[in-house]
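The structure appears below as structure tokens.
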Amino acid sequence: MSYILSVAAIIGISLLFYRMFLDRETFFRLNRLVLLSCLIMAFIVPLVHVPAKFSFRSAVPVALDNVVETPVITQPEKRLVMQPTEEVNYIKTVTPPSPITIGGVVAGAIKYIPFIYWGGIAIMGTNLLLQIFVLLYRSRKSRIVRDGVCRIVEVDDDRAPCSFGNNIYINPGKYDVKTYSKILAHEKIHVIQAHSVDLLLAEAMLIFQWFNPLAWIYRKDIERNLEYLTDDSVLKGNNFEPSDYQLSLLKVSVPHMALNITTNYSQSMLKKRILMMNARRSNINSMWKYMTLVLLMGVLVCNINQPLAAIAANNVPFSFNKNTDAKNADVAVHEQAPAALPPAASPSPENNNNEPVKIAGGLTPPPPALDADTSNRLKFSNTKGRIEIFYERGTYKMPFPDDIVVADAAFVNAISGLGYSSLSPSQMDSLKTAGVTPQFAKDIAALGYTDLPYKILCMLKLAGVTPEYIKSFSDLGYGHLMISKLISFKFSNIEAAYIKSMQRVGLTIPLELVTMAKLRNLTPEYVQGFKDLGYTNITYDRISMWKLQGIHADYIRGFNKIGYNNIPESEVSFLKISKLTPEYITAMKDKGVVYADLKRYTFGRDRN
């Protein structure tokens, strides 16, 4: 366990060093090497032992004067002592329970830590294998187009593009030609530079460090640096305009969780990627930071492990046993027959007084095994804190939550009349407990959602999706929405009124992007602010990107106040990324620097 904790400590120290000194550097290839090297060294350093003269830890010799001679008593042969008696009495000794202390609870919990740790390893390892299996399965069932070393797997689902190994998974029908070409160029860089190796090593680290939150952050930094490196390679190796390439990334970015072992388009890091693409290149003078890392690893090797002298001293075998002859000692072992429990009382037909069936010791037996035809003779009685099951041979009482609900005959008959006659009693209970009523099921069916599984009805009710909620979207012209989309809208607090308010200000949001717009807090007031400035034909893609970059109407209004009106939509993002502000331009004008073109103020400006 000390080895695992040492690995966790080295990962944490490496992460701290990277975040403090290297995270903002644009030496992306070198950062990739550093992150992978530190990851591998974290598992190697705790195994390296240095000579005592280089170690920061002193070697503590074993003092022979402190060795305690432990007498080893040789026990004589056991003699069974039985006292004659006419009747053997079986005595059950009751030991009073020990008082519960915090130390005792902690000590009891510690012994389960190894089982919990290995259980986590099993879960994480299984998760990694499942991810690989899913990708291989998608490769086998989809059409494949070879492009050099790359295999383009043409999928037909709505997932964002990703790559693993030399496979690129993409839905070609989902994007226009320009966007598709930029995505493909991006993914080819991932394949050619073998970024899947980095992600697999990071996943392997998490298998053994799943309990360490810093290891999860470290893995995220590896992924983010790979995206920085890929963006940099794409812009250097192709004739793409940075603004067009960034817009393509925005179109592809997704809020849902992708597979960990694939390169993917995550909204959470998109803003940082855009800023890094427009950041000033790092100076060669920053290389001293990387040399410091080598010194740090040397310090860790000398500080974490015991020196070789201590290892050798601890491995010297010592054996000082003093044998004491106890042959003549008065030692006798008295063995006693174990106390036997009286036979359990079987439930009898006479026991029908609504009392639990008892056996010796106050125990309640489990309910008897029931034949298929016995279930018709069962009766259920729900009382406070327990549910009672009455059957012909007695009564069994078991604890149950107070809010358990059992379907009554009227409920069962009504639900059965709606096409759910094949449901089992427990499934009927699930519908009743979820709050599904016959009227609710009937209203849902009237809206066109017929023959729904009972679990879907439960999900709709628990999610708060009502017939009125569904109808509100139908009135907007969306027609028959999928159940998953309705539940997703409800969980995201999306109401039909939100879409309607967007339509009033002239913005049409594609149905598949409504959830994303809500997550980005895109409001009618935000859109109207730009409409008032003359951007009447603004598209969802454009305004969504502005929202992601933190551009507000007041930002453009500030330029208008100092004489720069009618700024083209295509230049707004560039001004923001370049960190150009009205205050900066006013200061430059005061110094005599006046340009008619706003973009000229960006030349020579420090963007860090």
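Structure notes:
- Sequence-distant residues sharing a close amide H with F164 (under 5 Å, placed H): Y169
- Under the combined filter of DSSP loop state and at most 16 neighbouring Cβ atoms within 10 Å, region 433-492 retains these chymotrypsin sites (Phe, Trp or Tyr not before Pro): Y478.
- In nm, spacing of pseudo-spin labels at A463 and S416 (7 Å Cα→C-beta vector): 3.0
- Applying a threshold of 28 Å to the alpha-carbon distances of K141/K188; K251/K561; K220/K576 flags K251/K561 as lying beyond it.
- Descending by average beta-carbon neighbour count within 10 Å, the peptides 563-569, 590-596, 295-301, 426-432 line up as 426-432, 295-301, 563-569, 590-596, the highest first.
- At full extension, K271 and M482 could sit 72.8 nm farther apart than now, given 0.36 nm per residue minus the alpha carbon distance.
- The length gained by stretching the chain between V294 and A409 to full extension, at 0.36 nm per residue less their Cα-Cα distance, is 33.8 nm.
- Model label points for K591 and L129, set 7 angstrom from Cα along the Cα-to-Cβ axis, are 6.4 nm apart.
- Along principal axes, Cα extents of region 128-276, largest first, whole Å: 44, 38, 27
- Multiplying the residue separation of R19 and I113 by 0.36 nm and removing their Cα-Cα distance gives an extension gain of 30.7 nm.
- Cα-projected label distance for Q503 with I284, points at 7 Å along beta-carbon direction, nm: 6.2
FYI, it's all coordinate maths here, none of it is from the lab. Every value quoted in this text rests on a predicted model; they were computed, and no experiment measured them. Don't worry about glycine lacking a Cβ; one is built from the backbone with ideal geometry, like all the others, and counts go over all protein chains shown.
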